[in-house]
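Only one structure is covered here, and it is reproduced in the block below.
Every number here is computed from the coordinates shown, using simple stated rules; none is lab data. From a predicted model like this one, the values you see are computed outputs, not experimental measurements. Quick reminder, even Gly has a Cβ in these numbers, built from the backbone with ideal geometry, and neighbours come from all protein chains shown.
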């Protein structure tokens, strides 16, 4: 028996429960949007901090490893683009918070202070993003120009280093021929001797065959 994926509504239900307003004692609606804005600002600040760490490392090793430094700075520029997107999302959440405050002014206690704090933080993060982008792009251009003019010598790619393969040592021919046995039976008998589990008796006494084709018994079983 198949069962429908949607449950049926009980009798007498008119659908007015969906339009029921939220209780006044719950959390205001603008709190969620302001928290999302702060989370987006936190993500943007972490990305900017990682880019600053990349710039610090690149300044120290640009002369020794310019190619790797260029790649690291390129990755840092991609992280800066992601940080700018997080800032745009934070700005959208702050604007949404202002809209919710305008819709529910009676429940906006403490909202203006939090909006002002988030806006100030957004401005500071934007300024830091611009300064970091300037450092990343400036250092990247300097490294590329150094590679083009010959000021920086590109290092060897670690993926193109020659692989060292250890070849097995060949057995000396004379020693092999000296240890090798000439007859095939001499070479096989030691293997068979090692594989044999039960030793073979030294001598077997088998009665001779009679003319009828059957050997006589060892002892007579006839009582007469």
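Descriptive notes on the structure:
- Derived from the Cα gyration tensor, the three semi-axes of the equivalent ellipsoid of region 23-90 are 39, 9, 5 Å, largest first.
- Structural descriptor for region 30-153: relative contact order 42 percent, calculated from alpha carbon pairs under 8 angstrom and at least 6 residues apart.
- The mean of 1/r over all distinct Cα pairs in region 30-153, once inverted, gives the Kirkwood hydrodynamic radius of 16.0 Å.
- With neighbour counts taken as other beta-carbon atoms within 10 Å, the residues 51, 61 rank, fewest first, as 61, 51.
- Panel order for 89, 32, 156, by other beta carbons found within 10 Å of each beta carbon, from fewest to most: 156, 32, 89.
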